[in-house]
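For reference, the structure is listed below as structure tokens.
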Amino acid sequence: MAGRLRCPNCAAPLRLAGRVLRCAGGHAFDVARQGYVALAPPRRRLAPGDSPEMVAARETFLAGGHYRAIAEAITEATPAELIPSAGGAPLALDLGAGTGYYLAALLDDRSGWQGIALDASRPALRRAVRAHPQIAAVACDVWQELPVQDACADLLLNAFAPRNGPEIARVLAPSGALVVVTPTQSHLREIVDALGLLDVDADKQGRLHAALAPRLQSERRRELEFTMTLDHEQLRALIAMGPSAHHLQPRQVAERLARLPQRMRVGASLLIETFRRSGAAGASA
């Protein structure tokens, strides 16, 4: 998958030599012993991304299968007829991939596909490279220029993660697709209200479409709702893996959880939306 990447310094293609990625301009990037490579622009430090504690909580919660329905919905939303852009294995890029949970589920379903997990969190990427043998992991800032070649991605995944509209349009193949997962205001409503967690922006979907227009347009959208029964430890992991972890201390979470029943029914509510290039959207409908 090294040939799908590009140098963050000069945008030249990268090639793998041993455990070093090099471009024709002489820039070199070591592959860490944990299996990921950091591709950051010169003189720009990467944001740390999710902390080791957040990543551990996410791995624990996802391993319990509580979000398996989301992974299945992403796979179902991926068009079956995608044609590989590079003439080889189809490539899926996961923007803000975290531990690679959703990307690994897709690759399990699509034999012969390859995947690249992009995320700022090194602790998350260490897990992503172990999530599936066909995953490569790259540390980068998904808000900035992505260190991948133009039109190289047959599929882009974006689940609970930032979206950079111009870069998504640049790296997506002409016949490719983008699958986005966004929470609705009803998502986890029971604990948002009970524990004072961060709420979902009421205009989140509008901002999504504005960020992607006019290059990409929605092809289909599915509302996904399901209910989970979670105990205090599972709720603690769910809170610790999300954005509220940046705003609540563990002590505050423990105090608020103590007021809740030992087991609680919590509803998930999400939108799974597939986008295509304006000329390609609807072509396969």
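Give the residue that is surrounded by the fewest Cβ atoms within 10 Å (Cβ to Cβ), with candidates limited to residues of the stretch 100-138 that are β-branched (V, I, T) and in contact with a Leu (Cβ under 7 Å, 6 or more places away or on another chain).
I135
So T99 clears everything in (1) part of a loop (DSSP other than H, G, I, E, B); (2) over 13 Å from the mean Cα position of the chain (by Cα) except one condition, right? Which one?
Tallying (1) part of a loop (DSSP other than H, G, I, E, B); (2) over 13 Å from the mean Cα position of the chain (by Cα), T99 fails exactly one: (2).
Which residues, taken from the stretch 182-222, are small (G, A, S) and within 23 Å of Y102 (Cα to Cα)?
Of the residues in the stretch 182-222, the ones small (G, A, S) are 186, 194, 196, 202, 206, 210-211, 213, 218.
Those that are small (G, A, S) and within 23 Å of Y102 (Cα to Cα): S186, A211, S218.
Taking I74, is it within 17 Å of A161 (Cα to Cα), assigned to a helix (DSSP H, G or I) and touching a residue at least 60 places away in the same chain (Cβ under 8 Å)? If you could, list the steps in order and put the result at the bottom.
On the way: within 17 Å of A161 (Cα to Cα): yes; assigned to a helix (DSSP H, G or I): yes; touching a residue at least 60 places away in the same chain (Cβ under 8 Å): yes.
Yes: the conditions hold for I74.
Out of all the residues in the stretch 250-259, is one or more crowded, with 17+ Cβ neighbours inside 10 Å and within 19 Å of D50 (Cα to Cα)?
So far as the stretch 250-259 goes, yes, one or more of its residues are crowded, with 17+ Cβ neighbours inside 10 Å and within 19 Å of D50 (Cα to Cα).
Looking at (1) of a type in the set (S, T, Y); (2) within 16 Å of the chain's Cα centre (by Cα); (3) modelled with pLDDT of 95 or more, which one does T78 not meet, given that it meets all the others?
(3)
Does T75 satisfy being buried (at least 19 other Cβ atoms within 10 Å of the Cβ) and on the phi < 0 side of the Ramachandran plot? So that I can check it myself, show each step before the final result.
Numbers: buried (at least 19 other Cβ atoms within 10 Å of the Cβ): no; on the phi < 0 side of the Ramachandran plot: yes.
No, not satisfied.
Looking for whichever is buried (at least 20 other Cβ atoms within 10 Å of the Cβ) and either out of contact with any Gly (no Cβ under 9 Å at 6 or more places or on another chain) or modelled with pLDDT of 95 or more (or both) here; the options are R58, R22, R45. Which one fits?
R58
Among residues belonging to the stretch 249-270 that are within 29 Å of the chain's Cα centre (by Cα) and of a type in the set (G, A, S), point out the one that is modelled with the lowest pLDDT.
Filtering first and then ranking leaves A254.
What residue, of A124, A151, A137, A169, is within 26 Å of Y36 (Cβ to Cβ), in contact (Cβ under 8 Å) with a residue 24 or more places away in the chain, outside any strand (DSSP E or B) and within 13 Å of the chain's Cα centre (by Cα)?
On inspection, the qualifying residue turns out to be A124.
Identify, please: which residue in the stretch 103-112 is modelled with pLDDT under 95 and of a type outside the set (K, R) and is, among those, nearest to L39 (Cα to Cα)? Don't jump to the end; show me each part of the working.
Going residue by residue through the stretch 103-112, those that are modelled with pLDDT under 95 are 109-112.
Adding the requirement that they be of a type outside the set (K, R) leaves 109, 111-112.
Working: D109: 29, S111: 28, G112: 26 Å.
Filtering the stretch 103-112 for residues that are modelled with pLDDT under 95 and of a type outside the set (K, R), the one nearest to L39 (Cα to Cα) comes out as G112.
Here is a list of conditions, (1) out of contact with any helix residue (DSSP H, G or I) (no Cβ under 7 Å at 6 or more places or on another chain); (2) farther than 27 Å from T78 by Cβ; (3) not basic (K, R), and A213 meets all of them except one; can you say which number that is?
(2)
Say whether the condition of being crowded, with 21+ Cβ neighbours inside 10 Å, closer than 29 Å to D231 by Cα and in contact with a Phe, Trp or Tyr (Cβ under 9 Å, 6 or more places away or on another chain) is met by at least one residue in the stretch 86-97.
yes
Pairs only if they're at least six apart or on different chains, beta carbon under 6 angstrom, first in the stretch 41-67 and at negative phi, second hydroxyl-bearing (S, T, Y) and in a loop (DSSP other than H, G, I, E, B); list them, first residue then second.
Listed by first residue and then by second, the contacts come to D50/S121; R58/T99; E59/T99.
The values are calculated or read from the model by the stated rules, or taken from the named source; none is laboratory data. Quantities reported herein were computed from a predicted structural model and do not represent experimental measurements. Cβ coordinates were reconstructed from backbone atoms using ideal geometry, including for glycine residues, and neighbour counts include every protein chain displayed.
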